[in-house]
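Notes follow once the structure below has been shown.
The values are calculated or read from the model by the stated rules, or taken from the named source; none is laboratory data. None of the values given here were measured: they were computed from a predicted structure. Reconstructed Cβ throughout: ideal geometry from the backbone, glycine too, with neighbour counts over all protein chains shown. Just so you know, the surface numbers come from the protein's heavy atoms only, side chains and all, with ligands and any DNA or RNA stripped out. Shrake-Rupley method; radii C 1.70, N 1.55, O 1.52, S 1.80 Å.
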Amino acid sequence: MSRRRIGFWYRFAAVLCKPPLMVLIKRDWRGMENIPAEGGFITAVNHNSHVDPFAYGHFQYNTGRVPRFLAKSSLFRKGFVGAAMRGTGQIPVYRESTDALSAYRAAIDAVERGECVAFYPEATLTRDPDLWPMTGKTGAARVALQTRCAVIPVAQWGANHLLAPYAKKPDLLPRKTHQVLAGPPVDLSRFYDKEMTPDLLKEATEVIMAAITAQLELIRGEKAPATPYDPRQVRIEQRRRTRGKEEVRVQEEQGTAVQEKTAQGNTAPDKAVREMTEVEHEKGHGK
């Protein structure tokens, strides 16, 4: 495969990153034949460790078609990391700003220039309890349908054993194996020549995520859940339960207040009766 367009910064990053990766993890990489030798394309990759961008980047580098990752804009701002991100042609993502769509325009431009753009469609580390791919964002589908480029589903597993999601310390021993399986291109042709509505993009994204999950099932030798983990639905359900608990608490407090008021109301007549009885009793003694 051609090694054009790699450039100084990517080669320099490889010099820095490959030796520790070679020491820390063994490699079980399959499916390199599915990486296009020419032309622009997308790889859609699952995400289960803060280490896996480096491990997957190593795999992709060895195919001769280096990836252009979409990464948060703060990494590009200053210092050596910023220079490396800019020099290797990574694509900044400006979240929650007027420039949020610029990442997709840059991704489209990169594909049209014949580059590989790597998407993590989940947009964050998976929150699935068993680390299966979650539901995805629509960015990869949007770029794929706009450019009609090949979308290669890539599953990876093992970097999460080196550094578990959200863990602060790596587990270095015994030496872990990073498994990668790149599948054949996802068939999105049925979505071509149609208006890119939210529903269509959602459906195309589901097809891409299903292809990634199928590759991961082959790696892990087990079946994924029938319904992907959806963090949005989980948040909605958590808010619903929180509201339900709050409503129960308020009802309990209101019930307690009514009981106390009733008790106070019942005490007043009793007290009056006692006082009247005491007065009569004193009168009787006075006689």
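Quick notes
- Listed residues ASN34, LEU101, ALA144: farthest to the positive end of the dipole of the chain (Cβ charges): ASN34
- The chain - percent of accessible surface contributed by carbon and sulfur, probe 1.4 Å: 55
- Ranked packing of 62-68, 114-120, most packed first, by mean Cβ within 10 Å: 114-120, 62-68
- When each of the peptides 121-130, 219-228 is scored by the mean number of other C-beta atoms lying within 10 Å of its residues, the order from highest to lowest reads 121-130, 219-228.
- Residue-level accessible surface for ASP187, protein heavy atoms, 1.4 Å, Å²: 100
- Estimated translational diffusion coefficient (Stokes-Einstein, Kirkwood radius over Cα pairs, 20 °C, 1.002 mPa s) of region 25-148: 140 µm² per second.
- Subtracting the Cα-Cα distance of ALA83 and ASP230 from their residue separation scaled by 0.36 nm leaves 49.4 nm.
- Dipole magnitude of region 94-184, debye to nearest 20 (Cβ charges: Lys/Arg +1, Asp/Glu -1, about Cα centre): 180
- On Cα atoms only, tilt of 231-286 relative to the major axis of the chain in degrees: 10
- Heavy atoms of HIS50 accessible to a 1.4 Å probe, total area in Å² rounded to 10: 100
- Global form of region 21-83, assessed from the alpha-carbon gyration tensor, a/c cut-off 1.5: oblate
- Cα long-axis angle, helix 102-112 against the chain (0 to 90 degrees, to the nearest 10): 30
- Full-stretch length increase - ARG220, ARG190 - with 0.36 nm per residue and alpha-carbon distance subtracted: 7.8 nm
- More than 22 Å apart - percent of Cα-Cα pairs taken over the chain: 66
- With Cα atoms, 0 to 90° folded angle of helix 198-220 axis to the chain main axis: 80
- Charge context of ALA224, other residues only, Cβ under 15 angstrom, K/R +1, D/E -1: -4
- Among the protein heavy atoms, those of TYR61 account for about 20 Å² of accessible surface (1.4 Å probe, every chain in place).
- The chain: calculated mean residue ellipticity at 222 nm from DSSP helix runs of at least 4, using -39500 (n - 2.57): -16500 deg cm²/dmol
- Only the Cβ atoms of Lys and Arg (+1) and of Asp and Glu (-1) were treated as charged; on that basis the dipole of the chain about its Cα centre amounts to roughly 1440 debye.
- Pairs of Cα atoms nearer than 8 Å and 6+ residues apart set the relative contact order; for the chain it is 23 percent.
- Heavy-atom surface of the chain, accessible at 1.4 Å and reported per residue (Å²): 58
- Cα extents of region 81-219 along the three principal axes, largest first (Å): 51, 37, 28
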